[in-house]
Amino acid sequence: MRRFTEDQSIFREAYRRFLEQEIVPNMERWRKAGVIDREAYRKAGEQGFLMIWPDEQYGGMGDTDFRFEQIIIEEIARADVFEFFAPLHSRLVGPYIGKFGNDEQKARFLPRCASGETILAVAMTEPDAGSDLSGMRSTALDMGDHYVLNGAKTYISNGLLADVVVVVAKTDPQNNPHAMALLLVERGMPGFERGRKLEKMGLQAQDTAELFFSNVKVPKTHVLGDPAKGFHYLMQGLAEERLIASVQNLAMAHKAFDITRTFVMERKVFGKPLSAQQNTQFVLADVSADIDMAQVYVDQCVSWLNAGELDAVRAARAKLLSSEILWKMLDLGVQLHGGAGYMLEYPICRLFNDGRVMRILAGTSEVMKLIIGRSLFSDSYEPFLN
């Protein structure tokens, strides 16, 4: 039995109602438009569903228990509205301000983020730099009272909607490729331009864009923490980012399983429901066991995060395992749907397209294997049976 507090169960019910009333009825319209309405964030903020973790003075609940975010992710999956991925704003980007911002920065930005008036994005990826941040070309040069930012970013989620973008740029490109700053770049700053909205395989309503920075003057009041330690700040957030992806992976896998289970019970083959065929039962039994076992591990990772014990290797295991199981379930779901699985009018087809990116974002499966593999031969390795 998964354990949530009474307050968290009440929160789940309230968030489920919010999605059913405010998000689900609009999702098809947003998919056609290729972007979520800003009003969706404001409505979420009004009801206290954005930025749970900041102190009340900044508009949050002051509760850092990750299980609240886990509930939000799971309910988004249940409602089949993956493009309204508010945790990107609330739990992926917002904590950079909460952890590394000073009191003035937190007071200025967090309340508007919690209310939904300000929407956040983070800009790391470049055309030639994805998982390897040392290959980044964007620079932020110190000009005394400000930095001059130049560079280009791509595949930026919330790229069109974002009012504040946490931009990663090198501050000493010649001498130290890991010296980076996290800059708060606001909408309207001269030299900050949005490029085209990128057309994607899936997640049609989640806007993804190119961003360009040409001699953008960024005041030093808009630098988070030490301008040479941005790379280390990013590394600190990666374990949680991968846990967020892991929770989403399994929530999507559960959704795909339920969709497929319903379909095979209704579809007839040789005069009997497809669910009566032994092969159907065997393959679904196999993937059901995989999903449930992975859920236990991811729930344990949530407990480790809450206790401050989630490390990079544990998070990499969760990300690798959950994303590969999701892909297995999605492929099986399409296969068991037969020709219907290839039709966009069926939810499993859209889910297949939406879920393919999960083996890429937050670190590819190959990078996760690299992290895990290196740990097996490090001095810190501890055998389970010691």
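Summary of computed values
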read-out	value
Filter result for the condition that a residue is closer than 23 Å to residue 90 by Cβ and in the same structural domain as residue 192 (by TED's automatic domain parsing), over 158, 150	158
Residue within the range 360-369 that is buried (at least 19 other Cβ atoms within 10 Å of the Cβ), at pLDDT below 95 and aliphatic (A, V, I, L, M) present	yes
Test for residue 284: is it among the hydrophobic types (A, V, I, L, M, F, W, C), over 21 Å from residue 237 (Cβ atoms) and more than 17 Å from the chain's Cα centre (by Cα)	yes
Test: residue in the range 30-49 that is over 27 Å from residue 226 (Cα atoms), surrounded by fewer than 23 Cβ atoms within 10 Å (Cβ to Cβ) and in contact with a strand residue (DSSP E or B) (Cβ under 8 Å, 6 or more places away or on another chain)	yes
Options 276, 318; residue that is in contact with a Cys (Cβ under 7 Å, 6 or more places away or on another chain), surrounded by 13 or more Cβ atoms within 10 Å (Cβ to Cβ) and not hydroxyl-bearing (Ser, Thr, Tyr)	318
Qualifying residue in the range 261-282 (condition: within 24 Å of residue 318 (Cα to Cα) and either touching a Gly at 6+ places or on another chain (Cβ under 9 Å) or in contact (Cβ under 8 Å) with a residue 40 or more places away in the chain (or both))	no
Helices (runs of 4 or more DSSP H) wholly inside the range 61-125 that include at least 1 residues being touching a Ser or Thr at 6+ places or on another chain (Cβ under 8 Å)	67-78, 103-115
Yes/no for residue 61 being surrounded by fewer than 19 Cβ atoms within 10 Å (Cβ to Cβ) and either within 16 Å of the chain's Cα centre (by Cα) or assigned by TED's automatic domain parsing to the domain that holds residue 24 (or both)	yes
Filtered residue count, the range 228-251, keeping only those that are buried (at least 20 other Cβ atoms within 10 Å of the Cβ) and either modelled with pLDDT of 95 or more or closer than 18 Å to residue 299 by Cα (or both)	12
Cross-chain or 6+ apart pairs with Cβ under 6 Å, the range 211-240 first and over 30 Å from residue 320 (Cβ atoms), then loosely packed, with under 14 Cβ neighbours inside 10 Å	212/193
Unmet criterion (only one of (1) over 28 Å from residue 210 (Cβ atoms); (2) touching a residue at least 60 places away in the same chain (Cβ under 8 Å)) for residue 60	(2)
Residue that is nearest to residue 170 (Cα to Cα) [pool: residues in the range 202-226 that are at pLDDT 95 or above and in a loop (DSSP other than H, G, I, E, B)]	226
Options 258, 331: the member that is more than 26 Å from residue 370 (Cβ to Cβ) and acidic (Asp, Glu)	258
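The values are calculated or read from the model by the stated rules, or taken from the named source; none is laboratory data. Predicted model only: the values in this text are computed from it and were never measured. All Cβ positions, glycine included, derive from the backbone under ideal geometry; neighbour counts span all protein chains shown.
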